[in-house]
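To start, the structure itself, in structure tokens.
Each reported figure results from applying straightforward, stated rules to the coordinates on display, with no laboratory input. It should be emphasised that the depicted structure is a prediction, and the values quoted were computed from it without experimental measurement. Every residue, glycine among them, receives a Cβ derived from its backbone with ideal geometry; neighbour counts consider all protein chains shown.
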Amino acid sequence: MQAPVEIFRSDYKSPANWVTEVTLDFDIYSGSTIVKSTLSVVKNEGSTVEKGDLILDGDDSSVKLKEIYLDGEKLNSGSDYTLTSSQLIVHSSCFTGKSSFKLETTVSIVPEDNTQLSGFYKSGSMYCSQCEAEGFRRITYYPDRPDNMAKFTHVKITADADSYPILLSNGNLVSTTEKDGEGRHSAVWEDPFPKPSYLFAVVVGDLGSIKDSYTTTSGRNVHLEIFSEKENVGKLDYAMESLKNSMKWDEDKFGLEYDLDIYNVVAVNDFNMGAMENKGLNVFNTAYVLADQKTATDGDFERVEGVIGHEYFHNWTGNRVTCRDWFQLTLKEGLTVFRDQEFSGDMGSNDVTRIENVKGLRGRQFAEDAGPMSHPIRPESYVAIDNFYTATVYSKGAEVIRMYNTILGEAGFRKGMDLYFERHDGSAATCDDFRAAMADANEADLEQFSRWYTQKGTPTVKYSSSYDPSTSTFTLDLSQHTASAPDNEPFHIPVAFGVIDSETGAELVESQVLHFKEASKSFEFKLSSDPKGTAVPSVMRGFSAPVKIVSEASPATQKTDLLTLAAYDTDGFNRWEAGQKLYTEAIFTQLAGDDVNLDGVYQAFEQTLTSPKISDDSIRAYGLMLPSESGLAEDMDIIDPIGLHDARTAIKKKLARKFQAGVAELYDRLTKEMSGAPFEVNSKAVGKRRLRNTCLDYACANKDTDEEVIASAQLAHKHYFEANCMTDQVAAMSILSNVHGVPEAEKLRDEVLSKFFDDANGDALVLNKWFTIQAVSSKPDVLEDVISLTSHPEFTMTNPNRCRSLIGAFTANSAAFHAEDGAGYKFIGEKIGILDAMNPQIASRMVGCLISFKRYDENRATKMRAELSKILEIEGLSPDTFEIVSKALS
Ligand code: PHE
Ligand code: ZN
């Protein structure tokens with residue numbers, strides 16, 4: 001193995017030479033593709049690099065150099081250029097005295113053998129490329145770094161005309177040729193916008209498509225086309241609707257229009273990530289673009305809308321302005337996630353979207369930031385940049401962008417965005433450039449705010465409050481501290497804040513944003529009137545900063561405060577949050593084995609179940625749901641996965657028993673309301689399904705005796721067979737998949753599982769659900785099921801979605817994965833070894849489930865560490881997996 005090299009942010013230097021223009025020629029034959037490139041090179045006058053050599057990246061495990069010419073002269077190995085396993089270095093002696101020159105190379109690659117899915121590869125019957133972050137160097141020799149923006153003036157693709165009628169690349173189609181004597185045809189594309197190599201794309205195949213068009217505000221008519229394998233063309237309509245909505249939204253919200261005449265999207269089966277924003281030619285994982293009533297859940301529809309928006313929004317935040325180097329990744333990703341979240345909120349409900357996003361952040365990013373992979377949103381070093389497409393860079397990065405919006409206000413944020421584009425359009429920028437644009441456009445001081453880019457860890461904000469009636473003064477005391485990074489300097493934390501009267505629910509101060517910049521500080525407020533009850537602080541409204549928020553009031557006061565907020569807070573997020581905190585407290589009391597007083601929890605649950613004030617069914621549903629095990633785990637120093645699972649299940653059962661009648665009544669009412677209604681995907685219909693399926697879950701949780709187990713299985717079975725959509729089927733099947741030990745109920749479980757499989761009729765995305773639901777089951781023998789599913793004829797490790805649907809899903813089944821005997825760890829350890837040889841990116845992401853061993857007890861930690869040590873000994877281990885494992889073990 002080549003010794004992994006660590007790269008540091010502080011070492012950035014602009015290169016000695018720039019490539020300004022590129023032509024590429026892809027000649028595709030089965031088993032071999034020839035790529036010819038012509039690079040126009042100029043000296044970079046601003047460079048501080050000492051030697052002027054032209055450095056081209058190239059991965060020699062993929063590209064084989066055939067020929068190389070400089071201004072028409074053939075170059076010789078050794079005297080003119082040096083070839084290493086990762087670079088082609090053209091000595092400056094070959095071009096001294098030239099202000100510019102052309103370099104031509106010919107290489108061959110074998111996309112059919114590319115199992116890493118980075119570079120140019122085959123997926124089913126089509127060829128496609130994936131270049132972010134460093135895939136272009138697996139296609140040809142090139143300065144594969146995002147600060148080199150070049151015009152791709154001529155990209156010619158030639159392939160067999162019958163097998164590959166569709167030939168796509170970025171930008172505009174310049175010309176095509178008819179089938180020639182050998183049955184081959186070609187197309188030439190040109191992209192007028194300079195771009196870094198990571199945004200390059202080619203797709204070649206026999207594809208179907210749907211077409212539409214969009215006229216921008218300034219009158220540009222854009223041809224929209226979404227391609228997929230022919231059998232999936234019927235599942236593209238929702239993506240097209242979402243695309244048009246995205247285009248409109250970016251015009252309305254940020255004044256940003258699309259800039260080419262063509263916008264193409266292609267759905268690909270084998271894809272490492274969600275989707276890719278290649279200029280004018282997005283490539284999507286099928287899971288984030290295909291959706292219809294029969295095969296997609298409401299969650300899937302929501303993800304399609306969000307990811308279509310995300311990739312579209314990248315056209316400005318990522319493509320027009322890109323990243324100077326990969327340490328700046330959050331510049332485009334945090335910002336674009338923020339934009340897609342705002343878009344999704346505006347398309348549906350802002351409160352619902354906010355709750356979902358915060359659940360996601362707490363479940364994944366908080367855990368990452370508490371483990372060995374903890375890093376600031378702008379990392380300081382990396383071995384494999386692919387390892388830094390993380391929840392921190394994406395989700396916490398989006399929270400950091402949201403804080404600018406909170407601090408500067410929506411109008412101020414827009415001014416900052418306008419200035420950012422004015423300054424940096426057409427170039428490669430840094431996170432500091434973005435912060436400077438926000439500060440300068442608003443004459444704001446964002447110096448301290450920069451710590452969000454340099455410091456890691458999740459800060460904890462503690463608060464307490466008091467009220468002095470003699471002066472009508474309300475005092476809020478705040479302190480901040482990062483337990484996992486105690487040396488952190490104080491952050492600039494925007495605290496959205498209000499005060500609620502526990503008796504009347506009235507707001508006692510105007511809702512406002514406090515700028516909390518010290519280790520601790522007191523804020524004083526004059527209340528508008530004396531409270532009739534007590535004055536209850538509502539802190540961090542809308543989750544105004546990515547922190548843990550902890551009250552220092554007595555347990556009794558906390559409980560009554562939470563009940564006030566759950567009932568009255570004018571902030572939708574904090575109303576939900578108050579209920580979650582009550583549930584959390586109950587679950588931890590149960591886990592500690594103490595007597596749980598559920599009065600408060602019952603009161604909050606009942607209010608949520610019945611209050612006529614809640615008009616959104618999704619909000620009602622989320623208010624009834626208990627916090628997730630992964631979210632709860634972040635509140636424990638040493639995680640007890642099985643105890644946590646059992647405690648949560650116990651509280652759920654108690655709620656189910658107490659509210660059996662109310663839940664059943666709501667379920668029946670919704671069933672009646674929805675029966676015969678046409679299937680729709682909008683917040684109202686989705687909310688109804690979400691609420692009804694939440695009721696089903698509680699109705700089925702109430703099972704101590706065999707009779708009750710059978711009754712709940714029957715209810716879920718009926719729900720399944722009466723379902724008119726995938727959402728309801730998945731809800732029912734998920735419940736049934738947990739059934740074990742009661743033969744009569746198991747029969748119903750097996751009937752549904754096999755019906756689901758048969759009805760899937762080979763549909764890849766539906767089969768993924770079938771695998772996942774079984775892998776996350778709470779059955780005690782779930783690992784045996786998973787192991788036997790790995791030999792199912794439909795299972796394969798080579799397709800990332802399928803691999804994740806079974807193996808990845810099992811690692812998320814915390815109680816089973818962390819079984820005390822270590823069998824879960826052993827199973828995963830072996831799979832990672834196999835996977836690493838095929839697809840390092842997928843392997844290194846999967847190994848994340850083993851690295852936080854310090855958060856577990858000694859027995860578990862020892863066993864997890866042992867698996868990591870074994871992985872580290874694998875001969876030829878990828879730098880990707882090496883980086884994660886070695887960090888964890890160090
Ligand atoms: N840039 C892509 C996105 O966020 C993610 C991605 C990264 C896709 C690397 C492929 C490879 O939209
Ligand atoms: Zn992105």
Original post:
How far apart, in nm, are the 7 Å Cα→Cβ label points at residue 837 and residue 602?
Top reply: 6.0
Subject >> Overall form of region 210-351 per C-alpha gyration tensor (a/c, 1.5; a/b vs b/c) >> reply: rounded
Subject >> Coil-residue chymotrypsin sites (Phe, Trp or Tyr not before Pro) of region 581-687, DSSP, other Cβ within 10 Å capped at 15 >> reply: 679
Original post:
Given the alpha-carbon gyration tensor of region 334-427, what are the semi-axes of its equivalent ellipsoid in whole angstrom, ordered largest first, with each equal to the square root of 5 times an eigenvalue?
Top reply: 24, 20, 11
Original post:
Once fully extended, how much extra length lies between residue 472 and residue 220, figured as 0.36 nm per residue of separation less the alpha-carbon to alpha-carbon distance?
Top reply: 84.8 nm
**OP:** Please report how far the C-alpha centroid of region 448-520 lies from that of region 228-261, rounded to the nearest whole angstrom.
**Re:** 40
**OP:** Can you grab the distance from the C-alpha centre of region 111-125 to the C-alpha centre of region 677-708, Å, no decimals?
**Re:** 41
Original post:
Please identify the GluC sites (Glu not before Pro) of region 4-105 that satisfy two criteria: DSSP loop assignment and at most 16 other Cβ atoms within 10 Å. Which are they?
Top reply: 6, 45, 50
**OP:** May I ask for the distance between the Cα centers of region 602-644 and region 854-890, given as a whole number of Å?
**Re:** 34
**OP:** Determine the alpha carbon to alpha carbon distance for each of 359/672; 654/684; 13/64; 102/195; 13/43; 64/230 and list only those over 25 Å.
**Re:** 359/672; 654/684; 13/64; 64/230
Subject >> Net length gained if the chain between residue 96 and residue 71 were fully extended (0.36 nm per residue, minus Cα distance) >> reply: 7.7 nm
Subject >> Sites residue 82 and residue 451 - FRET efficiency at Förster radius 56 Å, r taken between beta-carbons, to 0.05 >> reply: 0.85
**OP:** Can you pull the one-decimal nm distance between simple spin-label points at residue 660 and residue 177, each 7 Å off the Cα toward Cβ?
**Re:** 7.7
**OP:** For the chain, compute Rh as the Kirkwood radius over C-alpha pairs and then the Stokes-Einstein diffusion coefficient at 10 °C and 1.306 mPa s; write the answer in µm²/s, rounded to an integer.
**Re:** 54
Original post:
Which of the chymotrypsin sites (Phe, Trp or Tyr not before Pro) across region 837-890 are loop residues per DSSP, with 15 or fewer other Cβ within 10 Å?
Top reply: none
Subject >> Reach of residue 517 by Cα under 25 Å, taken over lysines that are not fewer than 8 positions away in the same chain >> reply: 396, 415, 456, 462, 526, 548
Original post:
Under the rule of -39500 (n - 2.57) per DSSP H run of 4 or more residues, summed and divided by the residues of the chain, what mean residue ellipticity at 222 nm is obtained, to the nearest 500 deg cm²/dmol?
Top reply: -12500 deg cm²/dmol
